Amino acid sequence: MALLLNIETATTNCSVSLSKDGETLVLKEDNSLSYSHAEALHIFIGEVFKSTSIEPEAIDGVAVSRGPGSYTGLRIGVSSAKGLSYALDKPLIAVDTLKSLASQLEIETGFIIPMLDARRLEVYASVFDAQLNQIREIKAEVLDNDSYKYYLDKAKVYFIGSGVEKTKSLIEHPNAVFVENKFPSANEMSALAEIKYQKSDTEDVAYFEPYYLKDFIAIKKS
């Protein structure tokens with residue numbers, strides 16, 4: 001059983017939770033398009049500790065969303081998590097961002113496709129079954145009218161995440177279910193981080209890097 005600090009910054013949602021035994025004790029988050037993670041993250045971390053009267057030294061580990069997602073957001077979250085892990089001498093746990101997003105849904109049958117918005121018609125996506133087993137690797141893929149037809153022809157497919165908006169404009173299929181306005185959150189990280197902690201599935205603080213999936217490309221402002 002563990003007391004864990006969970007940090008999620010892979011998208012516009014800056015999210016921090018404190019969890020015990022896989023259950024969220026307190027959650028602080030803000031989904032702002034301004035990407036104010038650099039300003040908000042450490043404030044949120046301080047607030048979750050203050051609201052529970054738990055000292056940072058009392059936690060058993062630090063969990064961070066590993067990606068894919070925003071290059072800048074991931075850098076901020078991982079840098080903060082690594083700093084806390086090192087300073088407190090606590091293990092670092094990396095939670096898959098898309099699995100965390102998929103775990104917001106509970107379904108009996110069918111598939112869950114968590115997807116994060118990328119450039120133009122591209123998304124970062126994976127495929128999970130109803131038991132949250134990953135059945136297809138994470139890909140950066142360009143959407144078209146036939147995307148995910150293999151799964152759609154078999155059963156209900158639940159699309160969730162920031163990539164849903166562009167997906168629903170392209171895919172018309174009776175088995176497609178679009179779950180809108182959902183983002184990765186430190187709330188769902190609680191249970192996943194606990195499982196990893198119990199398995200001692202931790203990262204090397206010195207060498208761990210976020211999973212960007214694609215190389216960072218800087219775009220000049222017009």
*asked:* I'd like to check something: does the range 126-147 contain any residue that is among the basic types (Lys, Arg) and more than 21 Å from the chain's Cα centre (by Cα)?
replied: no
*Of all helices (runs of 4 or more DSSP H) completely enclosed by the range 24-109, which ones contain at least 2 residues that are at pLDDT below 95?*
37-52, 71-88
*Take the range 13-54 and flag every residue that is hydroxyl-bearing (Ser, Thr, Tyr) and crowded, with 20+ Cβ neighbours inside 10 Å.*
SER15, SER17, SER19
*For the range 92-108, does any single residue satisfy the condition of being charged (D, E, K, R), in contact with a helix residue (DSSP H, G or I) (Cβ under 9 Å, 6 or more places away or on another chain) and surrounded by fewer than 24 Cβ atoms within 10 Å (Cβ to Cβ)?*
yes
*Quickly run through the range 122-150 and pick out the residues that are more than 21 Å from ASN13 (Cα to Cα) and among the aliphatic types (A, V, I, L, M).*
VAL127, ALA130, LEU132, ILE135, VAL142, LEU143
*What is the number of the single condition among (1) closer than 25 Å to ASN6 by Cα; (2) in contact with a helix residue (DSSP H, G or I) (Cβ under 8 Å, 6 or more places away or on another chain); (3) outside the structural domain of SER32 (by TED's automatic domain parsing) that LEU143 does not meet?*
(1)
*Just one of TYR151, TYR197 is buried (at least 16 other Cβ atoms within 10 Å of the Cβ), more than 21 Å from the chain's Cα centre (by Cα) and assigned to a helix (DSSP H, G or I); which is it?*
TYR151
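The values are calculated or read from the model by the stated rules, or taken from the named source; none is laboratory data. This is a predicted model, so every value here is computed, not measured. In this analysis, Cβ positions are derived from the backbone assuming ideal geometry, glycine residues included, and neighbour counts consider all displayed protein chains.
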